[in-house]
Amino acid sequence: MAPQGPPELHQVFGSAFLRISIVLALILTGYLFYRHATQPDMEVIRANEIRLQRHNDGHYRISGSINGSPVQFMLDTGASMVSVSEEVARQAGLKCDAPASFTTANGKISGCVAQREEIAFGEFRLFDVDIAIMPNMDDLALLGMNALGRFDLQQSDGTLIIRAKRVK
């Protein structure tokens, strides 16, 4: 057997390139999996319709914003108002315009209402929406009936269709 010398330069670079490519492919795959797992299932059919898939916990969720600040909305037809935690309110720049008392599944609580705010979700943007700011609420936003009531809702087989109401 002939003695072998140091590897050629192209072999060293080729091996390093292969290793870097594998690591980058794994990182990209992980990122795409994470992005898919954390994105709400939403399909915009046309500019005035959105279809949401129900999550395993039975709720519908959609990414949106309050005054331009990103939030994750959970749709709640049992909530009379759009409701947020104090932390979400702070991030969205909401101010208490009026004190309020709310009846929740856990009883009565005191909070306040931010009036005439802007919310958006999917392709929809709503103005002049009152938002309840609730103490001790998880850091999420409930999309209540003062917003959802502006739309036609249809639910079937784990899919919720949100349509803009037709102007008569």
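Where a number appears in this text, it was derived from the coordinates with a stated rule and is not lab data. All of these numbers come straight from a predicted model, not from anything done at the bench. We place every Cβ from the backbone using ideal geometry, glycine too, and count neighbours over all the protein chains shown.
Report, to one decimal in Å, the Kirkwood hydrodynamic radius for segment 73-113 based on all distinct Cα pairs. Don't jump to the answer; show the numbers that get you there.
Working: mean 1/r = 0.0883 Å⁻¹.
Value: 11.3 Å, from the Cα pair sum.
Quick one: if the Förster radius is 41 Å, what FRET efficiency do Asn67 and Glu8 give, using the C-beta to C-beta distance and rounding to 0.05?
Values: r = 61 Å, r/R0 = 1.48.
The pair Asn67/Glu8 has a calculated efficiency of 0.10.
Please get the size of the charge dipole for segment 78-130, origin at its Cα centre, with Cβ charges of +1 on Lys and Arg and -1 on Asp and Glu, quoted in debye to the nearest 20. Could the numbers behind the result be given before it?
Numbers: 5 positive and 8 negative charges, 33 e Å.
Charge dipole of segment 78-130: 160 debye, to the nearest 20.
Given labels modelled 7 Å from the Cα in the Cβ direction, how far is it in nm from Asn56 to Thr77?
Each label point is offset 7 Å from its Cα along the Cβ direction, giving 2.5 nm.
Run the simple label-point estimate for Arg125 and Asp157 please: 7 Å along Cα→C-beta, distance reported in nm.
3.5 nm
Can you give the direction-averaged projected area of the convex hull of the alpha-carbon atoms in segment 91-152, in nm²?
Details: hull surface 19.6 nm².
Its average projected convex-hull area is 4.9 nm².
Modelled label-to-label distance, Arg116 and Ile22, 7 Å Cα→beta-carbon offset: nm?
So the label points at Arg116 and Ile22 sit 6.3 nm apart.
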